[in-house]
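To keep things clear, I will list the structure first and then write my remarks on it.
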Amino acid sequence: MLIQVNISHLITLHQVSLEFSGGTTVLTGETGTGKSILIDAIELALGARASEHVVRPGQEKADISLCFDISQLPTAVAWLKQYDLHQETAECIIRRTISKDGRSRSYINGMPTTLQPLRELSELLIDIHGQHENQTLLKSEKQREMLDDFASHLALTDKVAVLAQEWRALNQDILSLQEVTKERAARSEFLAFQLGELEALTITPDEFQTLDQEHKQLAHAGELLQNINLTLNCLTENEEQNALGLLHQALQALETVQTVDPKISAWIENIKTSIIHVSETESDLQHYLTTVDLDPERLNWVETRIGILFDLARKHKISPNELYEYQQKLTGELQALATSDERLKQLTEQRNAIEKNYQEAAKKLSQSRLKASKKLSAEITATIRELALPHAEFQVALSPESGTTFSPHGLEKITFEIKTNPDQSMQPLAKIASGGELSRISLAIHMATAEQHTIPTLIFDEVDVGISGGTAEIVGKLLRRLGKTHQVFCITHLAQVAAQGHHHVRVEKVTEKQITQTKIELLSASEKINEVARMLGGVAITQKTLAHAREMVESVE
């Protein structure tokens, strides 16, 4: 819920800091004081359209911040975590600044944000009723959600949504496979031809790398032999002087003086190791000479084979190293085409089974919605008729969903419909022209769905337009009752409504030295009685008026 509002330099506001708690808070003030300025500020902070005209004259910018307690609002916590905006506290702070040149900046928990995510978050925190463009209640998806919440069949809606998603995924796979099947004959023939070329060469894994290495050896065989023989001559075969002989001489020399210094033993071991390595190298080189192939015909064959592999790789726009893997890929694709009929049959059977399950679940959902819609319609109609709309009739209409196959939302579209006079026809709620009527209807809907309503803070504007007397008292009682489960704000000009509030905020406009300023303050119990008396009696407040106001306030249950 909303627990704190701070405003500076907004229109006629200088500095305002207010703290709120749960229950119903009424906002009152003289006509023309701008009672809705607090609501306007909240809307601006939550992303409403702003202009430079909202900045108080003579100031650089307007600044609005809202602090919400989200400890009991897991949907908002989850949203903040999704966007990495959550802080390990029970609070969420939204701030917006608007400069005198019309530019604005928004922040969520101190992090800059754009207006779109800000508006998404605001729909989880607060619901404002009074102006058409700010009412989520007019949205079709919101009306469906409210009916489903009222019916308490979340498991059914989830099941229908999951089955619809599964059906659509399978259907897409089937359509893709059907497209492939249409071209299967031509594709299969083409693949078979390509595979024929590849298989005729009997390519083996890593063949090209092996051939490339062999080609290097064959092409440089003479140079290899010359340098290997030279190496052998240096190591062992030169009769006059060779490395192995010199190492043996060095070994003998050190062994002669081995007892003179202990360090010599380590050097002797190093020379012995070198003798072993030279001997092993000499043996390996001798063996290599016996295996190296100098056959020119073999060189010609290797060069021809490499050329064939290069040409084929160039044809398929791959490297020669990839030919074997490419052959395996084509083989797999050809096999998949050969079995596509069976795969298509399996997918179709799966889709048919899901389709049957979807229809069964969706029909159960429709039955549950129909039952709940009748009960909800009756409850809302009864409440509306108490609110100076004696001939009103409310209806939750269910109509077949058109243009959508296997909708995740079920088989029907949900529309809230209303008529306020007996000679009228039912019309969608979104077409109601009167702001006052719409606000009262919204109040009735929220009263009927209060237990299921997840948005913690509700704001009602114009809820008492066109009513008075006993009807006004009923509206006040309904708002107070709604305040037991939600945080409610209501702008009112009727004492009967104001008296029912748990908390009372007065808006007052004062002009000093030709400077106009709006003051907003939370009233004490005695101040509330005085304000209610003003609403009852006008400028001159008598003792009778005060007594009447006190009676109204103190008689509230």
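Just so you know, all these numbers are worked out from the coordinates, no wet-lab data involved. What you see is a predicted model; the values in this text were computed from it and never measured. Using ideal geometry, Cβ is built from the backbone for each residue, glycine included, and neighbour counts are taken over all protein chains shown.
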### Query
Mind checking the angle between helix 243-256 and the chain's longest principal axis? C-alpha axes, 0 to 90 degrees, to the nearest 10.
90 degrees
### Query
Hey, what do the phi angles of region 348-365 turn into as Karplus ³J(HN,Hα) couplings, whole Hz, using 6.51/-1.76/1.60 and θ = phi - 60°, x for Gly and Pro?
5, 5, 5, 5, 4, 5, 5, 4, 5, 5, 5, 4, 5, 5, 5, 5, 5, 5
### Message
What would the Debye equation give as log₁₀ I(q)/I(0) for region 27-142 at q = 0.13 Å⁻¹, counting only Cα atoms as equal point scatterers?
### Response
-0.56
### Tilt relative to the chain, helix 323-338 - C-alpha long axis, 0 to 90 degrees, to 10
50 degrees
### Message
Within region 161-180, list the residues whose amide N lies under 20 Å from a label point set 7 Å along Cα→Cβ of ASN357.
### Response
161-175
### Query
Which value results when the Cα radius of gyration for the chain is divided by 2.2 N^0.38 Å?
1.79
### Message
For Cα pairs less than 8 Å apart in space and 6+ apart in sequence, what is the mean separation divided by the residue count of the chain, i.e. the relative contact order in percent?
### Response
22 percent
### Message
Counting each pair of different Cα atoms once, what's the Kirkwood radius of region 444-492 in Å, rounded to one decimal?
### Response
11.2 Å
### Task
For GLN116 and VAL257, calculate 0.36 nm times their separation in residues minus their Cα-Cα distance, and state this gained length in nm to one decimal.
41.7 nm
### Query
How large is the helix-only mean residue ellipticity at 222 nm for the chain, computed as the sum of -39500 (n - 2.57) over DSSP H runs with n ≥ 4, divided by its residue count, in deg cm²/dmol to the nearest 500?
-17500 deg cm²/dmol
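For the chain, what proportion of DSSP beta bridges, expressed in % and rounded to the nearest 5, is antiparallel?
75 percent
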### Query
Mean shadow of region 184-338, computed from the convex hull of its alpha carbons, in nm²?
14.8 nm²
### Message
Out of the trypsin sites (Lys or Arg not before Pro) in region 453-543, which ones are loop residues according to DSSP with at most 11 other C-beta atoms within 10 Å?
### Response
LYS513
